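The values are calculated or read from the model by the stated rules, or taken from the named source; none is laboratory data. As the structure is a computational prediction, the values presented were derived from the model and not from experiment. With ideal geometry, Cβ positions are generated from the backbone for all residues, glycine too; neighbour counts draw on all protein chains shown.
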Amino acid sequence: MSVDANIENGEVIVVAGDSTVDDAFWDGVPTSIYYHRHIRVPELTGEIEYQFKLNGTRLYIRTMQYMLTTRPVGKEWNRANINFEVRSGSTVRVNSPDSLIQNGGWYPYQREASVGYSVSLGASFRIGVHYDGTNNDTSEADHWGQWEEIIRRG
């Protein structure tokens, strides 16, 4: 993966990334959906399709497309953010551009990350959304959804 990255609090923060593997790598890999809900505005929700795959001692994950609801209904915003983190021993974070569309439609969102996989720790994944619009923003800590265990501890 070609990335711009920096270190914050001992974690690698990936700013942008290109594909490290070709599309054939993902053939036959099931697609999952991560569901996100705004911490204080229940009508703001997001869905992000993603895939993950173990390859040796590395876990690869990629997002595919997303949908974000809006308020008021029918209003389109275009500066939302969808960040994600994957962890298994270490944590890798991928930040989105400040330009994602928020209108209830589905849009491509292809980002990838990989992390060294630890059988004893398993692997988890979470999404953070900064919804665009009036009084919709949250703090850095509050924009994160729950960690989802994607591979159980061994």
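Within region 114-126, how many residues are assigned to a strand (DSSP E or B), within 13 Å of I151 (Cβ to Cβ) and touching a Leu at 6+ places or on another chain (Cβ under 7 Å)?
Final tally of qualifying residues: 2.
Go through (1) buried (at least 20 other Cβ atoms within 10 Å of the Cβ); (2) part of a strand (DSSP E or B); (3) in contact with an Asp or Glu (Cβ under 7 Å, 6 or more places away or on another chain) one by one and return the number of the condition R111 breaks.
Among (1) buried (at least 20 other Cβ atoms within 10 Å of the Cβ); (2) part of a strand (DSSP E or B); (3) in contact with an Asp or Glu (Cβ under 7 Å, 6 or more places away or on another chain), R111 violates only (3).
Please go through region 125-137 and give me each residue that is surrounded by fewer than 17 Cβ atoms within 10 Å (Cβ to Cβ) and in contact with a strand residue (DSSP E or B) (Cβ under 8 Å, 6 or more places away or on another chain), ordered by number.
D137
Restricting to region 22-52, name every residue that is of a type in the set (K, R) and farther than 19 Å from E85 by Cα.
R40
Which one of these is at pLDDT below 95, within 17 Å of the chain's Cα centre (by Cα) and either surrounded by fewer than 17 Cβ atoms within 10 Å (Cβ to Cβ) or under 13 Å from S114 (Cα atoms) (or both): V92, V12?
Step by step, each of V92, V12 is checked, and only V12 is at pLDDT below 95, within 17 Å of the chain's Cα centre (by Cα) and either surrounded by fewer than 17 Cβ atoms within 10 Å (Cβ to Cβ) or under 13 Å from S114 (Cα atoms) (or both).
Applying the selection to region 43-87, what residues are within 28 Å of N135 (Cα to Cα) and of a type in the set (K, R)?
Scanning region 43-87 gives R71, K75, R79.
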